[in-house]
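Just below is one structure, and these are the notes that go with it.
The values are calculated or read from the model by the stated rules, or taken from the named source; none is laboratory data. These numbers come from a predicted model, not from an experiment. Cβ placement follows ideal geometry from the backbone for every residue including glycine, while neighbour counts extend to all protein chains displayed. SASA here: full protein model, heavy atoms, side chains in, ligands and nucleic acids out. Shrake-Rupley method; radii C 1.70, N 1.55, O 1.52, S 1.80 Å.
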Amino acid sequence: MNLRIPHAALTLAAAILLAANALAAEFKHPGLINSAGRLNVLSRLEKDARSSDRRQAYYASLDKDRRFSADYQPRPMDYVVVVARTSNESEKRFRNDMAAAYFTALRWVKTGDNRYRAKSIEIMNAWADKFVALTREKGTKTGPGQIPLEAAWAIPIWANAAEIILYYKHPYGAPGPEWKDKDVRKFRAFLGRLHEQRQEMRRNRSDNQGVSGALADMTLGVFNNDERLYRAGLREAQRQLPEIVADDGEVKELRDRDCVHPQYSLIGLTQAAQIEMNQSGRSTLLSMRHKGDIQPILMEGIEYMSRALTDGSEARDCRTGRLLDGYAPMAKRLYANDNKVQAKKLNGAMDRVQQRMSGLFPEGTEFTHGDDGSQSAGP
């Protein structure tokens, strides 16, 4: 049952006005899902023993991932053939390489070891030099809509890696290898080619695909200092949030589809909220409420999904499912200082449900946003 108070709703029009007033004239960098402050905390991780056992265990698992290695070898392609509802060798190469670019950037932050910075740059340069476009295999059941979806998934991962390498000033160790201006320009053009394909997505969607499109626009808007694109993505996320999470918290696609796709929506919306927080010091996506509710819409959805994973829900029993990487630790940190927010089910899911990566969003959030003894949500 929802808790209600009179006039507690933050309307969409008010949310848009608030965002417009809050966003500074210049974008903050790093300012995607990882702010400079968050990365500074990460850079002290090896010197600081305050991290939780869960976070330390998560890092140990990442340490065994070859995409976290300075020896990782990228395999760029000119055309990436995409498929729906499964993955092929072409997609695996593309997704593994962009994950490796992001993970090695994070490992550089954590260790100060410039081999990881150099590896991240190497991977991004390799794809910027070779990539032409996403395509689909004709004669299969993969429709044309898969191409803009795959582009929307890819942009935030690549851009978050680049944001770290281009803007983060590491507080320890010797300066790392420079990412040359000509290579940065090529990389921006590479993201531009991906975004041209992302724009082929059907407009006004309110589902996991629509959320991914909004997140891609917000991400590229920040990375390219494009205020128009950033605001367009934010407006889309604001429009979709109350349509994806119902009054009782049920997340769209949970009842009619599965336990995975609703989590894609929650990942995208949580990461969009984190970007908005990092840019303006506040987030309309975190604050929006259905009329009369105390609990914010986003947390209502996260709590409902968490209950489906731990105990089952009216919409679907997900007790055999997995908690997807990309949103839970981030949401917990974003709402840590809001004493009106109830996160009991989220905490239970984080303690009891095994996590897995989807490979479709910037991941490793237990590593980047997990418990480190601080409660800061913003920059």
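Given GLU227, GLU253, GLU276, which one is among the acidic types (Asp, Glu) and under 16 Å from the mean Cα position of the chain (by Cα)?
Values: GLU227 fails: under 16 Å from the mean Cα position of the chain (by Cα); GLU253 fails: under 16 Å from the mean Cα position of the chain (by Cα).
So the residue among GLU227, GLU253, GLU276 that is among the acidic types (Asp, Glu) and under 16 Å from the mean Cα position of the chain (by Cα) is GLU276.
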Which condition number does THR219 fail, the rest of (1) polar (S, T, N, Q); (2) surrounded by fewer than 24 Cβ atoms within 10 Å (Cβ to Cβ); (3) within 18 Å of PRO30 (Cα to Cα) being met?
(2)
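Would you mind finding the one in VAL222, VAL184 that is touching a strand residue (DSSP E or B) at 6+ places or on another chain (Cβ under 7 Å) and among the β-branched types (Val, Ile, Thr)? Steps first, answer last, please.
Details: VAL184 fails: touching a strand residue (DSSP E or B) at 6+ places or on another chain (Cβ under 7 Å).
Exactly one residue qualifies, and that residue is VAL222.
For GLU314, indicate whether it is of a type in the set (D, E, K, R), in contact (Cβ under 8 Å) with a residue 40 or more places away in the chain and outside any loop (DSSP other than H, G, I, E, B).
Details: of a type in the set (D, E, K, R): yes; in contact (Cβ under 8 Å) with a residue 40 or more places away in the chain: yes; outside any loop (DSSP other than H, G, I, E, B): no.
The answer is no for GLU314.
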Taking GLN355, is it open to solvent by 10 Å² or more (accessible area, probe 1.4 Å), modelled with pLDDT under 95 and within 18 Å of the chain's Cα centre (by Cα)?
yes
Would you mind finding the one in PHE187, PHE94, PHE103 that is closer than 18 Å to ALA36 by Cα and crowded, with 17+ Cβ neighbours inside 10 Å?
PHE103
Filter region 317-337 down to residues that are touching a residue at least 40 places away in the same chain (Cβ under 8 Å) and more than 19 Å from the chain's Cα centre (by Cα) and give me whichever is nearest to ARG239 (Cα to Cα).
ASN337
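If a residue must be assigned to a loop (DSSP other than H, G, I, E, B) and loosely packed, with under 14 Cβ neighbours inside 10 Å, how many such residues does region 67-85 contain? Before you say what the answer is, go through the steps one by one.
In the first step, residues of region 67-85 are kept if they are assigned to a loop (DSSP other than H, G, I, E, B); the result is 69-78, 83-85.
Within this subset, residues satisfying the condition of being loosely packed, with under 14 Cβ neighbours inside 10 Å are 71, 73, 78, 85.
Going through region 67-85 one residue at a time, the tally reaches 4.
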List every residue pair whose Cβ atoms lie under 8 Å apart, where the two residues are 6 or more positions apart in sequence or sit on different chains, the first residue falls within region 163-176 and is over 9 Å from LEU39 (Cβ atoms) and modelled with pLDDT of 95 or more, and the second residue, located anywhere, is buried (at least 18 other Cβ atoms within 10 Å of the Cβ) and polar (S, T, N, Q).
GLU163/ASN34; ILE165/SER120
Those residues of region 106-118 which are closer than 12 Å to TYR72 by Cβ and either open to solvent by less than 20 Å² (accessible area, probe 1.4 Å) or modelled with pLDDT of 95 or more (or both) amount to ARG115, TYR116, ALA118
Of residues in region 119-160 being open to solvent by 40 Å² or more (accessible area, probe 1.4 Å) and either in contact with a helix residue (DSSP H, G or I) (Cβ under 7 Å, 6 or more places away or on another chain) or not in a loop (DSSP other than H, G, I, E, B) (or both), the one modelled with the lowest pLDDT:
ARG136
How many residues of region 290-303 are open to solvent by 10 Å² or more (accessible area, probe 1.4 Å) and out of contact with any Pro (no Cβ under 9 Å at 6 or more places or on another chain)? The answer is 5
